[in-house]
Amino acid sequence: MKLTVLGSGTNVPHPKRSASGYWLETAAGTILLDCGPAAPLRMAQEGLNWAELDAIWISHFHLDHCGGLAPFLAGTKYAAETRRRTKPLMIFGPNGITELVERFDAVYGYGLRDQRFPVRILETTGLEPFQILPGVSAVTAKTPHTPESHAIHIREADDTTLVFTADTGFHEPLAAFARHVDLFILESAFLKNNPGKKHMELAEAMFLIRKAEPIRAMLTHFYPEWDEVNFAEEVSRFDPRCEVIEAADGFSITVGV
């Protein structure tokens, strides 16, 4: 399993951080975790085979996590690279993902699901396992961000595991959800002085990491205030018991090694 960060930022324009997007390569195929507005561009910039993408998972319906979905589907409909594609593209998401695509279609009029290849949409239910790719299982868990927001736990056939919280407020059950995973990807939107309960600050994310005891952890979804501090120094204050990685656009990591 290999993860490439396409976007480690937020909706706030930033010269080095795009909005949410993570390309996951497995033995069974590829998965895009969230599809922020810049995700189609970022896939091309990273030289990824976007035309053969197998599955997309959308965590929730804020535009920094799904705003690139309609442009991507419009692109695959007309691109020369997909002319010979026959395998389906699977789109997974919480309750409402089908309606979201339909509403995008109503606005843009592209016929986003009318492609040369099948586009199949599956609405998932929290804590009910599903197969996201052949031999790759997944389960989601509700998080306190928006009514539809979910984190996802992915397990490959070789038992390599990854959890991605997407956007979430502090939610202690996420530690059990991510217990002993190979890579725990958490949002840490704010360094401190979190203005609300819909995102996490560093202390909250580090608490979950210590409770979950993953092999490695990665923090992401950074607001620009993070530009003013040294990431390693801030993380070290919490005496982490595993490697804690700063997500950056273009960063790749092999999971389970």
Over the stretch 22-35, the set of residues of a type outside the set (A, V, I, L, M), under 10 Å from the mean Cα position of the chain (by Cα) and on the phi < 0 side of the Ramachandran plot is Tyr22, Trp23, Cys35
Scanning the stretch 122-154 for residues that are surrounded by fewer than 23 Cβ atoms within 10 Å (Cβ to Cβ), within 14 Å of Phe92 (Cα to Cα) and among the β-branched types (Val, Ile, Thr) gives Thr124, Thr125, Val136, Val139
Checked Val119, Val107 against criteria (over 18 Å from Gly21 (Cβ atoms) and in contact with a Leu (Cβ under 9 Å, 6 or more places away or on another chain)); the one match is Val119
Residue hits (the stretch 156-178; aromatic (Phe, Trp, Tyr), free of Cβ contacts under 8 Å to residues at least 60 places away in the same chain and in contact with a strand residue (DSSP E or B) (Cβ under 6 Å, 6 or more places away or on another chain)) are Phe177
Reported set for the stretch 203-252 where residues are part of a strand (DSSP E or B) and buried (at least 16 other Cβ atoms within 10 Å of the Cβ) is Arg216, Ala217, Met218, Leu219, Thr220, Val244, Ile245, Glu246
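Is it the case that Asp167 is farther than 23 Å from Ile58 by Cβ and not hydrophobic (A, V, I, L, M, F, W, C)? Can you show your working first?
On the way: farther than 23 Å from Ile58 by Cβ: no; not hydrophobic (A, V, I, L, M, F, W, C): yes.
No, not satisfied.
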### Message
Can you say whether Cys35 is modelled with pLDDT of 95 or more and in contact with an Asp or Glu (Cβ under 8 Å, 6 or more places away or on another chain), as far as the supplied structure shows?
### Response
no
Checked Asp158, Asp105 against criteria (assigned to a loop (DSSP other than H, G, I, E, B), farther than 30 Å from Lys197 by Cα and among the acidic types (Asp, Glu)); the one match is Asp158
Going through (1) crowded, with 20+ Cβ neighbours inside 10 Å; (2) within 24 Å of Asn11 (Cα to Cα); (3) in contact with a Ser or Thr (Cβ under 9 Å, 6 or more places away or on another chain); (4) free of Cβ contacts under 8 Å to residues at least 40 places away in the same chain one by one, Val181 fails only at (2)
Within the stretch 80-121, the count of residues that are surrounded by fewer than 15 Cβ atoms within 10 Å (Cβ to Cβ) and of a type in the set (S, T, N, Q) comes to 3
Heads up, the strands (runs of 3 or more DSSP E) in the stretch 1-84 (entirely inside) with at least 1 residues that are under 19 Å from Glu148 (Cβ atoms), touching a His at 6+ places or on another chain (Cβ under 6 Å) and touching a residue at least 40 places away in the same chain (Cβ under 8 Å) are 29-35
- [ ] For the stretch 176-187, indicate whether the set of residues that are assigned to a loop (DSSP other than H, G, I, E, B), within 24 Å of Gly93 (Cβ to Cβ) and touching a helix residue (DSSP H, G or I) at 6+ places or on another chain (Cβ under 9 Å) is non-empty.
- [x] yes
Result of the Cβ filter at 6 Å on the stretch 119-136, keeping first residues that are acidic (Asp, Glu) and partners that are outside any strand (DSSP E or B), at least 6 apart or interchain, is Glu123/Asn95; Glu123/Ile97
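The values are calculated or read from the model by the stated rules, or taken from the named source; none is laboratory data. Treat the numbers as computed from the prediction; the structure is a model and nothing was measured. Virtual Cβ from ideal backbone geometry, glycine too; neighbours counted across all protein chains shown.
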